[in-house]
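Please treat every number below as a calculation from the coordinates, not as lab data. The shown structure was predicted, so the numbers you read here are calculated from the model rather than taken from an experiment. We place every Cβ from the backbone using ideal geometry, glycine too, and count neighbours over all the protein chains shown.
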Amino acid sequence: MILEAIGAVTVGKVVHDMRESDRLNEQAEKKNLKSFSRIAEAQIAQREAEETMNSAVLRLTNRKRAVLSSSMKDFLKVYEKLVKINFVESDGIRELDNFTPAIAEDLHTQISAVQNMPQTPVITKNVVVGWLIGGIFGAVTSSIVDDSKKNLDLARMQSRQADVIAQQAKGIGLAYQAITERASAMTDVLTKLNILFIKGIQYTDSLIEERGRDKRNYTLEDRKSLAACINLAGVVKSILDTPIIDTEGEITKKSLETIQLGEHCLQEIDFAMRGI
Amino acid sequence: MAKKIIVSPGCIACGLCTVSSYIEERPDGTVVPKGGVVLEEEEESEFQRIVDGCPAKVLSLETLFSKSSQEIISQMERETEEFALPVPTMESISYKEEYMNINAPTAVYGEYHYDYSSYNRAKEAAKQAIDKAFYSQRRTAIQNVINNYQVGELSRYFEYKETPENFYYLANQSALRILEQWGQEIRLCKPGVRIPDRMLMIQTRPDSKLKYHIQFIKSDILTFADAILAELSDSVYSLSSYADYCDIDDEEVYAGEGMFGRSKYVTKYCFSNTSEALREMKKDLEDACRNSFTEKVVKQAYSCVKYIVEGYSKDLQTELNTKTREIQKVL
């Protein structure tokens with residue numbers, strides 16, 4: 001009788017333990033899947049931010065390349081005609097001193113380098129920091145229930161780690177977003193300046209064509225126009241030369257200054273045109 | 001004569017033509033004509049200036065010839081009938097080595113602690129230490145690899161999102177291009193007829209028919225970590241066999257003074273070299289993933305992706321069919 005009772009209690013304990021184990025395992029699995037889903041969501045968001053950044057940087061790189069190989073190339077032809085006129089400082093075109101033959105030579109080199117470049121997407125500097133999933137956790141026991149408790153503990157730890165990973169991914173995503181915004185702002189300014197730059201080049205070319213090499217044929221207004229074109233070339237060149245991120249992967253302060261310079265230049269032109 | 005804009009290959013992405021509302025910029029800065037645009041004579045002369053200003057000379061205008069209503073309807077029916085999204089191959093969602101990031105600790109706490117009274121106890125302690133540090137987390141480590149695979153290869157099938165890689169978005173775009181083409185033909189054929197905007201829009205989204213398959217690639221697939229782990233069920237991959245890589249050392253440790261004032265020493269044991277055990281464990285886990293990932297995970301994922309693509313293709317075809325009937329009525 002006593003033996004039967006002990007047997008019944010033992011069987012009862014085993015059944016109870018197995019049910020408890022199933023329950024804990026199920027709970028652990030749910031927690032685990034939820035954690036991985038959080039990690040996946042964060043990584044997907046980060047990947048999307050990275051893709052957007054790559055597109056923005058690629059768009060800027062392509063635009064810079066296009067401006068160099070079209071507008072700048074045309075400007076250099078006009079510039080060669082312009083220097084032959086032999087303006088001196090007292091003629092009111094101080095911009096010619098700023099835009100020296102050395103700068104023109106530098107542009108020639110850049111243009112020939114760009115023309116030899118293949119039309120492939122540019123890979124940007126990897127600013128991503130790696131993250132790890134690991135750590136020391138868990139407990140070692142032999143019973144089936146203890147194993148399940150351990151699974152649940154692991155799942156809880158995984159859940160906490162998922163939060164950390166999600167936070168890290170969010171941080172990286174924000175860094176990507178900052179680069180995207182800076183690259184897009186630079187592309188927009190460069191596009192607008194380029195439209196004006198092309199008009200300036202065409203006007204300058206036709207003016208030189210009309211007035212010839214004798215500087216006395218140029219009125220004060222003409223000289224102002226020539227100066228504006230050279231000035232614009234300088235601003236466009238400074239945008240072409242400014243990197244978005246430095247070798248450390250940091251967004252450069254200079255890129256912001258260049259964007260501001262470009263915007264200021266656009267405002268001035270807009271203001272001058274309203275005056276007309 | 002009405003004209004349409006052509007952008008030939010060779011666009012240098014200078015952005016000059018983006019001032020026109022008929023031109024659309026792609027993410028890389030190059031341009032395409034906006035879908036369905038038909039330029040009338042007065043718009044044509046305005047756009048010609050942009051064509052002339054293109055430094056790469058890739059912009060041009062092409063004269064469009066009008067089709068009859070019946071020809072357009074036949075074209076719509078034929079294109080709807082033929083519409084099908086390309087089914088991806090299994091290679092297109094294959095496992096890549098970059099998804100493998102199993103991080104194992106390089107050593108565990110407790111090495112060289114002469115705390116154990118016997119060889120067996122030290123061995124047991126080594127076993128517990130490597131279990132705690134990595135052995136017990138092997139399933140999670142594999143799930144992490146599957147998670148990377150999901151993010152890299154399957155996430156574009158999770159939900160509709162307007163991002164350049166999203167499967168549903170790209171599929172809708174391909175159907176939309178067909179609709180835009182129809183819109184262009186109709187505008188040419190019947191300039192007076194106005195097709196409501198909603199008829200030229202694609203509204204299909206992944207619906208409940210695809211729910212279970214999406215759920216599978218989004219979440220359930222992680223449970224296949226067990227199938228990969230089962231590859232390591234052999235006794236050579238047991239905890240004890242990894243513990244055998246650990247060294248057990250003994251040392252005489254001072255244990256106070258004896259009965260006659262003599263110093264007493266006892267032999268104590270410690271474990272060390274867990275790094276080799278952990279390294280082996282990591283290597284075995286990586287090998288198991290590499291060898292069985294395609295069989296255990298990619299194949300299952302592929303059958304779901306194939307179902308999703310075919311199902312969504314049919315849904316889009318149904319929408320095109322509905323649009324065809326609606327536009328037919330308007331015409």
(Q) Looking at the calculated P(r) for the range B:183-331, what percent of the C-alpha pair distances fall above 20 Å? (A) 73
Q. Using the 10 angstrom Cβ neighbour count as an exposure proxy, how do A:182, A:47, B:262, B:325 rank, fewest first?
A. B:262, B:325, A:47, A:182
Q | Calculated on alpha-carbon atoms, Rg and Dmax of the range B:2-100 in Å | A | 19.1, 60
Q. Nearest 0.05, what FRET efficiency do residue B:321 and residue B:32 give at R0 = 25 Å with Cβ-Cβ as r?
A. 0.40
Q | Per DSSP, loop chymotrypsin sites (Phe, Trp or Tyr not before Pro) in the range B:223-331 with at most 13 further Cβ within 10 Å | A | B:260
(Q) So if I place +1 on the C-beta of Lys and Arg and -1 on the C-beta of Asp and Glu, and nothing else carries charge, what would the dipole magnitude of the protein assembly as shown be about its Cα centre? I want it in debye, nearest 20. (A) 920
Q | Rounded if a/c under 1.5, otherwise prolate or oblate - the protein assembly as shown, Cα gyration tensor axes | A | oblate
(Q) Given the -39500 (n - 2.57) contribution per DSSP H run of 4+ residues, what per-residue ellipticity at 222 nm results for chain B, rounded to the nearest 500 deg cm²/dmol? (A) -14500 deg cm²/dmol
Q | Set of the range A:202-217 residues, backbone N closer than 17 Å to the point 7 Å along the Cα-Cβ line of residue A:80 | A | A:202, A:205-206, A:208-209, A:213
(Q) Modelling each spin label as a point 7 Å along the Cα-to-Cβ direction, I'd like the residue A:214/residue B:78 distance in nm, to one decimal. (A) 6.9
Q. Amide H neighbours of residue B:267 under 5 Å, counting only residues 5+ apart in sequence or on other chains, H built in-plane at 1.01 Å?
A. B:253
Q: Note the full-extension length gain between residue A:260 and residue A:113 as 0.36 nm times their separation in residues minus their Cα-Cα distance, in nm to one decimal.
A: 50.2 nm
Q. Using 11 Å as the cut-off for backbone N distance, which residues of the range B:46-62 belong to the label zone defined by a point 7 Å from the Cα of residue B:6 along Cα→Cβ?
A. B:59-62
(Q) Along the Cα→Cβ direction, 7 angstrom out, place labels at residue B:42 and residue B:120. What is the inter-label distance in nm? (A) 10.1
**Q.** Mean shadow area of the range A:1-81, taken as a quarter of the surface of its Cα convex hull (nm²)
**A.** 6.9
Q | Long pairs among A:215/A:254; A:170/B:314; A:77/A:215; A:170/B:323, criterion Cα-Cα beyond 30 Å | A | A:215/A:254; A:170/B:314; A:170/B:323
Q | Relative contact order for chain B, counting Cα pairs under 8 Å that sit 6 or more residues apart, in percent | A | 25
Q. What is the percent of Cα-Cα separations in the range B:152-212 that go past 15 Å?
A. 59
Q. So, counting K/R as plus one and D/E as minus one, what does the shell of residues with Cβ under 9 Å around residue B:27 add up to?
A. -1
Q: Provide the gained length on full extension for the span residue A:202 to residue A:19, in nm with one decimal, where the gain is 0.36 nm per separating residue minus the Cα-Cα distance.
A: 57.4 nm
(Q) Show me, bin by bin at 10 Å from 0, the whole-percent P(r) of chain B based on Cα pairs. (A) 5, 18, 17, 16, 12, 10, 8, 6, 4, 2, 1, 0, 0
Q | In the range A:180-246, the GluC sites (Glu not before Pro) that fall in loop regions by DSSP, at most 16 other Cβ within 10 Å | A | none
Q: Report the extension gain between residue B:163 and residue B:101 in nm, rounded to one decimal, defined as 0.36 nm multiplied by the number of residues separating them, less their alpha carbon distance.
A: 19.7 nm
